[in-house]
1. Based only on other Cβ atoms within 10 Å, what is the fewest-to-most ordering of ASP168, ASP241?
2. Under 28 Å between alpha carbons, and skipping anything fewer than 8 positions from LYS44 in its own chain: which lysines qualify?
3. Taking the number of other C-beta atoms within 10 Å as the exposure measure, put VAL110, VAL238, VAL68 in order starting with the fewest.
4. What is the local net charge at VAL121, summed over the other residues whose Cβ is closer than 12 Å to its Cβ (Lys, Arg +1; Asp, Glu -1)?
5. Got a sec? How would SER132, SER169 order by Cβ neighbour count within 10 Å, fewest to most?
6. First measure r as the distance between the Cβ atoms of SER215 and MET23, then evaluate 1/(1 + (r/R0)^6) with R0 = 41 Å and state the FRET efficiency to the nearest 0.05.
7. How high is the relative contact order of segment 159-266, in percent, with contacts defined as C-alpha pairs under 8 Å that are six or more residues apart?
8. Taking 0.36 nm per intervening residue step and subtracting the Cα-Cα distance, what contour gain separates GLU158 from ARG115 on full extension?
Amino acid sequence: MGLEPGLALRIYFPTQSLNTRFMLTISLRSIVWLLWIKLMEIIKTDRLVKDYDLGKIKVRALDGVDIVIESGEFVAIMGPSGSGKSTLMHIIGCLDSPSEGEYYLDGLLVSQMERRKLAAVRNAKIGFVFQSFNLLPHLNVLKNVELPLMYAGMGSKERNRQARNILDSVGLSDRLRHKPSELSGGQRQRVAIARAIVNSPSILLADEPTGNLDSTSGGDILEIFGQLHRQGNTVIIVTHDPNVAERADRIIQIYDGKISDGDILG
Ligand SMILES: Nc1ncnc2c1ncn2[C@@H]1O[C@H](COP(=O)(O)OP(=O)(O)OP(=O)(O)O)[C@@H](O)[C@H]1O
Ligand SMILES: [Mg+2]
């Protein structure tokens with residue numbers, strides 16, 4: 001915004017009365033302010049519902065979820081087992097679509113998007129660390145991390161270089177040829193993180209990333225997330241651990257598929 005709004009109006013409307021100019025300045029400032037707020041909302045959901053249909057029974061995993069997450073925030077999502085955390089993360093991560101409601105990602109309505117388009121949006125913007133790692137067992141560490149770059153159409157030499165760099169940054173450069181089954185839980189989790197961040201997504205989602213780790217490995221992994229947050233990325237972590245949640249800017253609590261009112265701690 002190079003030009004101060006008042007000055008801009010004096011140039012464009014030199015004959016207007018002081019009062020009119022004042023009103024126009026106020027309106028212009030409000031519009032700029034509203035646009036800025038909108039631009040900052042990287043994730044916005046409106047009455048999200050997710051039903052799983054199991055023939056005779058229907059499970060309502062999400063029941064009217066409204067959340068807004070701003071660009072660059074570090075948010076922890078907490079709640080009991082079965083409360084809908086992974087379901088919500090899968091929808092936010094464009095891996096699944098809601099049964100009802102709307103989801104805007106970076107201003108784009110993605111809730112009704114067809115699968116191929118949704119996958120393209122996901123590949124461009126989101127890194128996802130799954131609750132159960134989801135590494136491909138027959139591929140070694142390097143090949144697992146190269147996968148998202150391959151989907152993005154990058155040539156083999158460049159993706160090899162980028163995957164090595166990122167594995168180096170998570171301390172795994174000496175395990176490139178190992179298969180996931182030949183690694184410890186903490187190492188597997190670091191491979192999953194390397195794969196999630198290798199194509200520099202602006203949003204990192206992690207579902208219980210430290211759930212099965214000892215405190216040292218868990219601390220290392222939190223340090224990686226902290227670093228990504230300091231670099232300006234949006235980080236959203238599901239956790240049961242209050243010590244992990246404490247590191248976040250904000251905690252969102254979910255119970256029975258609903259965001260618990262008053263539990264969004266600033
Ligand atoms: N594919 C599915 N089919 C049917 N029901 C499902 C499916 N996935 C999840 N559910 C149900 O939806 C509800 C929410 O599940 P979800 O996995 O989101 O919970 P969660 O909060 O992540 O739990 P946890 O902390 O144990 O990982 C649960 O009642 C679960 O049984
Ligand atoms: Mg879960």
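Rule-based calculations on the coordinates, nothing more; no lab input. Computed from a predicted structure; not experimentally measured. Cβ placement follows ideal geometry from the backbone for every residue including glycine, while neighbour counts extend to all protein chains displayed.
1. Exposure proxy ranking, most exposed first: ASP168, ASP241.
2. LYS58, LYS85, LYS117, LYS125, LYS258
3. In increasing order of surrounding Cβ atoms, one gets VAL68, VAL110, VAL238.
4. Overall, the nearby charge balance is +3.
5. In order of increasing Cβ crowding within 10 Å: SER132, SER169.
6. For SER215 and MET23, the calculated efficiency is 0.10.
7. So the answer I get is 20 percent.
8. Length gained, GLU158 through ARG115: 12.7 nm.
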